[in-house]
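Asks: I have a structure I would like to understand better, so I am pasting it below and will then ask my questions one at a time.
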Amino acid sequence: MEEVTLPHRHGEGQNIAQLQAQLDQVEHFSAISEVFRQLDDATRLRIFWLLCHCEECVLNLSAMMRMSSPAVSHHLRPLKASGLVVSRRVGKEVYYRAADTAQSRLLHRMIEQLAPIACPGAGPGLGPDGGPLPAPQTEGPCTPQQIAREIHDHCLQHLGQRVTIESLARQYHINPTTLKSAFRAVYGSSLAAHIK
């Protein structure tokens with residue numbers, strides 16, 4: 001592209017060429033705009049936030065949202081089209097969850113920072129020792145990495161017991177793929193290879 005000559009000089013310095021090069025990347029701004037378009041509907045945000053903590057089918061989402069299945073499906077389509085939500089089919093059922101992407105994680109954190117809500121703590125259930133898993137020790141919004149560290153610490157105290165990533169994900173209200181990625185990010189690929 002040709003260099004832009006500004007009609008007025010206000011002491012901007014040499015950053016103008018770099019700023020202009022970024023401004024000319026219209027496709028990047030279009031992608032971000034599509035993500036932010038999801039913010040204009042409170043119901044869509046509620047569904048997205050819920051899917052950050054669990055993987056569910058449309059019927060269960062409908063019950064939790066107190067909405068009809070077609071209404072939930074109407075909101076899932078743009079969330080999936082924008083890449084914030086992914087799905088997988090098991091037989092006749094389709095399960096939805098938040099995508100494990102930087103955009104999804106950022107939107108999730110933004111929702112929890114702007115509203116007085118936070119990741120749910122662990123409820124009663126069985127951990128590797130047959131007793132309850134500990135509730136997350138963090139206050140306020142929790143990241144998958146924080147949850148991974150807490151689960152890791154608990155499992156170290158009960159090395160003789162076997163636990164699956166799915167049971168931990170259900171207990172901590174986080175999708176299994178995100179939890180596995182969190183273990184990988186915190187502890188590296190050597191530990192993540194042992195998590196099934």
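Asks: Quick one: which residues, 5+ away or cross-chain, put their amide H under 5 Å from the amide H of Cys57? H built at 1.01 Å from N.
Replies: Tyr96
Asks: Per-residue HN-Hα couplings for region 68-73, Karplus 6.51 cos²θ - 1.76 cosθ + 1.60 at θ = phi - 60°, whole Hz, x for Gly and Pro?
Replies: Running phi through 6.51 cos²θ - 1.76 cosθ + 1.60 with θ = phi - 60° gives 6, 4, x, 5, 5, 4 Hz.
Asks: For a quick check of understanding: with a 1.4 angstrom probe and all protein chains in place, what accessible area in square angstrom does Glu166 have, to the nearest ten?
Replies: Taking all protein chains as shown, Glu166 has close to 80 Å².
The values are calculated or read from the model by the stated rules, or taken from the named source; none is laboratory data. Everything numeric in this text was worked out from a predicted model, so none of it was measured. Side chains included, ligands, DNA and RNA excluded: accessible areas come from the protein's heavy atoms. Shrake-Rupley method; radii C 1.70, N 1.55, O 1.52, S 1.80 Å.
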